[in-house]
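Engineer: One structure, as structure tokens, below. Some questions next.
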Amino acid sequence: MPSKDQYENGRVTASAPLQAFPTAFQEGIELLARRIREAGGDAWLTGGCVRDLLRGMTPADADIEVFGLPPDRLEATLRACTRIVTVGKAFGVFKCRDWPIDVSLPRTESKTAPGHRGFAVRGDPHLPPETAARRRDFTVNAIALNPLTGAIRDPMNGRHDLAKQILRHCSEQFVEDPLRVLRAAQLAARLGFSIAPKTIALCCTMNPETLPRERIFEEWRKLLVLGIEPSRGMRALFDVGWLRYYPELEALYRCPQDPEWHPEGDVWTHTLHCLDAFARERLGDDWEDLVVGFAVLCHDMGKPLVTETVEGRIRSPGHDAQGAAPARSFLERLTRHGALIDAVLPLVTHHMRPAALHRSSAGDSAIRRLAREVGRIDRLARVVSADLQGSPPRRRDREPVHWLLRRSATLAVRDSAPTPLVRGRDLIALGAEPGPDFGTILERCYEAQLAGQFHDSEGGRAYAASLLRRRADSGKEAPA
């Protein structure tokens, strides 16, 4: 991996630039760069991959910017050595199918209409490198590296900001794309960087009203799934005044909590501590981390609705159940992904249950019912674990989490709801005619299963048979 010394004076040794990439990835970059040079062009790595290389990290993908070749000639050069998908032929953007590499011409963007898509984009292979760098979002993403020679171009002085761990806008063009406010927040969370005061001031002049929901969601996803310190990203949104676009989050600010249990302060501060605790324990599974991350973010959204002071003590009775409505409102503003919303809301609604079950030494039936309600107890355990770590300096006992995980594992419901042991086909095999009451009978069988009245398919069929006999004897649906 390149050392700091190898980057002195804007150069690294020719053999060092790509050592942080996996071998096959290195070969792809070198092949493309050589072929582009042979065709008369000049290929430069740029963007996040260079930023990560200079931080001693392994880039997940690469962007190559090509100077000196018109779009048609660049496309022909690429097709001669790899499979590509053309995503912007008019302005020269190509995706490689063999490696996670995007190849593009430097391009100019001029504002033609409001919003994220309101730009006229033109590829210009003869654009001066400094002009190309100025169109980028942050100086740390405007550093370019020649993969064949090791030369570095840094017209925006991005290495200085990289060393200082600062996100700074490249130019006043930054304000043309309001998505960059959310990008600043998620990069602050991912990199652990602060945002330059002048950049914050620019962000304060922007709003998300013209941004497509899908692009907004993607930035939130990165903040939660990739952020090493999500609280930095959340504080960035606060600093630029964007909490007003998320009233469910804004309501957490200055919502008081009982200082005995929450010495950290208000619900907003607690939530930020919880998010950082969640990030320390992420699994690395994007879907699972996304579900739990949003649940942690939303878990106390009910508190502003119910918080009251009773006999000098601050209380929030029923805030878990009350949190479902604001959590749904917040999530539906971000995404149409129904499966995600359906997975998150039960975790919000039931995040207080593990402690209550632990205090009462609840039986197997209660654990099974909780698994049915939340879908996956292991997800709920992660939400509760983050919640319990969100009140520094108070150290709260996480035994309710460990207890719940042990019990749910014993009952085989740790990562799924109990599977119904009686199905419609079982009722048919017992001689029942399919009809509108099938669902009621199956639900009663499932309730009996959760209550522990039977534990296997044979027991389930015997229970179903007794229900059907009682129904036949009484001429109506049997009582449970």
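Engineer: Only one of (1) more than 16 Å from residue 152 (Cα to Cα); (2) part of a helix (DSSP H, G or I); (3) modelled with pLDDT of 95 or more; (4) not β-branched (Val, Ile, Thr) fails for residue 33. Which number is that?
Structural biologist: The single condition residue 33 does not satisfy is (1).
Engineer: Something else: On the basis of being touching a His at 6+ places or on another chain (Cβ under 8 Å) and outside the structural domain of residue 448 (by TED's automatic domain parsing), does residue 351 make the cut?
Structural biologist: Yes.
Engineer: Please enumerate the residues belonging to segment 341-354 that are in a helix (DSSP H, G or I) and surrounded by 19 or more Cβ atoms within 10 Å (Cβ to Cβ).
Structural biologist: Listed by number, the residues that qualify are 343, 344, 345, 346, 347, 348, 349, 353, 354.
Engineer: Would you check if there is a residue in segment 278-297 being in the same structural domain as residue 345 (by TED's automatic domain parsing) and assigned to a strand (DSSP E or B)?
Structural biologist: no
Engineer: Restricted to segment 185-199, and to residues that are touching a His at 6+ places or on another chain (Cβ under 9 Å) and not aliphatic (A, V, I, L, M), which residue is surrounded by the most Cβ atoms within 10 Å (Cβ to Cβ)?
Structural biologist: Looking at the filtered set, the residue picked out is 199.
Engineer: Scanning for something in contact with a strand residue (DSSP E or B) (Cβ under 9 Å, 6 or more places away or on another chain) and under 20 Å from residue 193 (Cβ atoms), does segment 211-224 turn up at least one residue?
Structural biologist: No; the residues of segment 211-224 include none that is in contact with a strand residue (DSSP E or B) (Cβ under 9 Å, 6 or more places away or on another chain) and under 20 Å from residue 193 (Cβ atoms).
Engineer: If you don't mind, there's one more thing I want to ask. Restricted to segment 239-266, and to residues that are in contact (Cβ under 8 Å) with a residue 60 or more places away in the chain and in a loop (DSSP other than H, G, I, E, B), which residue is nearest to residue 48 (Cα to Cα)?
Structural biologist: The selected residue is 246.
Engineer: Quick one: in segment 135-155, of everything that is of a type in the set (A, V, I, L, M, F, W, C) and under 30 Å from the mean Cα position of the chain (by Cα), which residue is farthest from residue 42 (Cα to Cα)?
Structural biologist: Of everything passing the filter in segment 135-155, 138 is farthest from residue 42 (Cα to Cα).
Engineer: Within segment 273-285, work out how many residues are among the hydrophobic types (A, V, I, L, M, F, W, C) and closer than 14 Å to residue 393 by Cα.
Structural biologist: Residues that pass the stated criteria total 2.
Engineer: Also, quick follow-up: Looking at segment 332-346, I want the residues that are free of Cβ contacts under 8 Å to residues at least 12 places away in the same chain and have a partner that is outside any helix (DSSP H, G or I) and among the small types (Gly, Ala, Ser) with Cβ atoms under 9 Å, at least 6 apart or on another chain. Which pairs are those?
Structural biologist: Final answer for the pair search is 342/375.
Engineer: Turning to a different aspect of this structure: Counting residues that are within 37 Å of the chain's Cα centre (by Cα), at positive phi and of a type in the set (Gly, Ala, Ser), which helices (runs of 4 or more DSSP H) fully inside segment 372-475 reach at least 1?
Structural biologist: none
The values are calculated or read from the model by the stated rules, or taken from the named source; none is laboratory data. Predicted model only: the values in this text are computed from it and were never measured. Every residue, glycine among them, receives a Cβ derived from its backbone with ideal geometry; neighbour counts consider all protein chains shown.
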